[in-house]
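Heads up, the thing below is written out as structure tokens.
The values are calculated or read from the model by the stated rules, or taken from the named source; none is laboratory data. The structure displayed is predicted, hence computed values, not measured ones. No Cβ is skipped: glycine too gets one built from the backbone with ideal geometry, and neighbour counts run over all protein chains shown.
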Amino acid sequence: MPTMASSTERVPGLNCPVTADTVDKSREIHDLLPKDTDRPSPETHLPSLTKILVTYNVHEKYGFHKPHRHLDELGENRILLGTTLTEPLLCRWTRAQHIDDIDLNEIHAHILVFYQGKLVPYEYHKGLHTGNIPKECLDELLQYFEKHSLCFEFALQALLPEFTGRLMSEIDLGNQTLMLEAKYLNCLKPGNTTGWIVSPQGCTVGETHGTAPDGTHVTVNKGAPLPDDLSGICKLLIEQDLVHSHCLTA
């Protein structure tokens with residue numbers, strides 16, 4: 001009797017190519033995600049999830065993320081694509097982009113959710129990821145997520161080596177986001193945890209949302225056009241006292 005193939009044997013952007021069908025599924029998943037990161041995370045599961053990644057020795061390449069969205073709808077044939085930049089500052093700049101403007105062979109899955117028995121990316125990053133992850137590890141994660149109904153509570157995140165050892169904060173720019181080191185926030189503060197780094201010693205906070213001092217969500221230039229380039233966006237953030245000016249010279 002033939003054995004049914006595991007749903008983790010082919011995960012687009014992780015161990016097989018991204019296709020137009022993948023993009024359509026990613027859009028569907030994105031639009032189902034909650035926008036609210038204030039919701040409590042069942043963090044009691046993090047030790048068990050951490051143990052799985054450590055057991056398969058992939059904890060330096062992968063972590064966990066709290067799935068959420070900023071856009072009401074992503075739009076047909078569009079994906080969320082992040083780019084690591086070092087000028088004018090080290091950051092991850094993520095925008096909704098049309099697939100006609102992207103080489104799908106030169107991107108990788110960055111954040112993936114377990115949904116309807118499959119591991120599906122909803123956010124991507126430019127470049128190829130070098131962190132191979134065994135199918136057995138993915139199978140074990142999938143089983144755990146399904147058993148405990150965690151499909152939209154935690155996501156698997158492919159870590160970016162440029163940000164190792166840095167506490168990062170995400171600034172909501174409406175139709176895009178900017179992830180930068182939390183130490184550069186000015187009139188914002190690191191708010192809700194959105195990403196966890198794991199190790200044999202346990203898990204630590206890796207990513208947060210940049211929020212107002214009272215903890216409320218902040219969307220920069222809500223409803224207004226943003227500069228087209230990163231330098232212009234950084235200048236806007238400095239002018240609004242949201243980040244320190246010395247972040248550009250660090």
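Just to verify a result, which residue in region 225-239, among those that are assigned to a loop (DSSP other than H, G, I, E, B) and free of Cβ contacts under 8 Å to residues at least 24 places away in the same chain, is surrounded by the most Cβ atoms within 10 Å (Cβ to Cβ)? Steps first, please.
If we filter region 225-239 for residues that are assigned to a loop (DSSP other than H, G, I, E, B), which is where we start, we get 225-229.
Add one more test, that the residue is free of Cβ contacts under 8 Å to residues at least 24 places away in the same chain, and what stays is 225, 227-229.
Numbers: Pro225: 8, Pro227: 12, Asp228: 8, Asp229: 10.
If we take residues in region 225-239 being assigned to a loop (DSSP other than H, G, I, E, B) and free of Cβ contacts under 8 Å to residues at least 24 places away in the same chain, then Pro227 is surrounded by the most Cβ atoms within 10 Å (Cβ to Cβ).
If I ask for residues that are β-branched (Val, Ile, Thr) and either modelled with pLDDT under 95 or touching a strand residue (DSSP E or B) at 6+ places or on another chain (Cβ under 9 Å) (or both), which ones from region 53-99 would you list? Steps first, answer last, please.
Our first condition is that a residue be β-branched (Val, Ile, Thr); within region 53-99, this holds for 54-55, 58, 79, 83-84, 86, 94, 99.
Val54, Ile79, Thr83, Thr84, Thr86, Thr94, Ile99, listed by residue number.
What are the pairs, 6+ residues apart or on separate chains, where a residue within region 30-43 that is surrounded by 14 or more Cβ atoms within 10 Å (Cβ to Cβ) has its Cβ under 7 Å from a residue that is among the β-branched types (Val, Ile, Thr)?
Going by the 7 Å Cβ cut-off, the qualifying pairs are Thr37/Thr194.
For region 134-150, name all the residues that are in contact (Cβ under 8 Å) with a residue 24 or more places away in the chain and not aromatic (Phe, Trp, Tyr).
Kept after step one, since they are in contact (Cβ under 8 Å) with a residue 24 or more places away in the chain, are these residues of region 134-150: 134-142, 144-146, 148, 150.
Selection gives Pro134, Lys135, Glu136, Cys137, Leu138, Asp139, Glu140, Leu141, Leu142, Glu146, His148, Leu150.
Restricting the search to region 8-52, which residues are part of a helix (DSSP H, G or I) and closer than 15 Å to Leu112 by Cβ? Full working, then the answer.
Initial filter on region 8-52 (part of a helix (DSSP H, G or I)): 20-32, 43-52.
Answer for region 8-52, where residues must be part of a helix (DSSP H, G or I) and closer than 15 Å to Leu112 by Cβ: Thr22, Val23, Lys25, Ser26, Arg27, Glu28, Ile29, His30, Leu32, Leu49, Ile52.
Would you list the strands (runs of 3 or more DSSP E) that sit entirely within region 146-212 and hold 1 or more residues that are at pLDDT 95 or above, crowded, with 22+ Cβ neighbours inside 10 Å and among the aliphatic types (A, V, I, L, M)? It would help to see each step written out before you state the result.
Values: elements: 155-158, 168-172, 176-181, 189-199, 202-211.
Per the criteria, 155-158, 168-172, 176-181, 189-199.
Among the candidates Met168, Met179, which residue alone is more than 21 Å from Leu46 (Cα to Cα) and of a type outside the set (Gly, Ala, Ser)? Before you say what the answer is, go through the steps one by one.
Details: Met168 fails: more than 21 Å from Leu46 (Cα to Cα).
Selected residue: Met179, the only one of Met168, Met179 that is more than 21 Å from Leu46 (Cα to Cα) and of a type outside the set (Gly, Ala, Ser).
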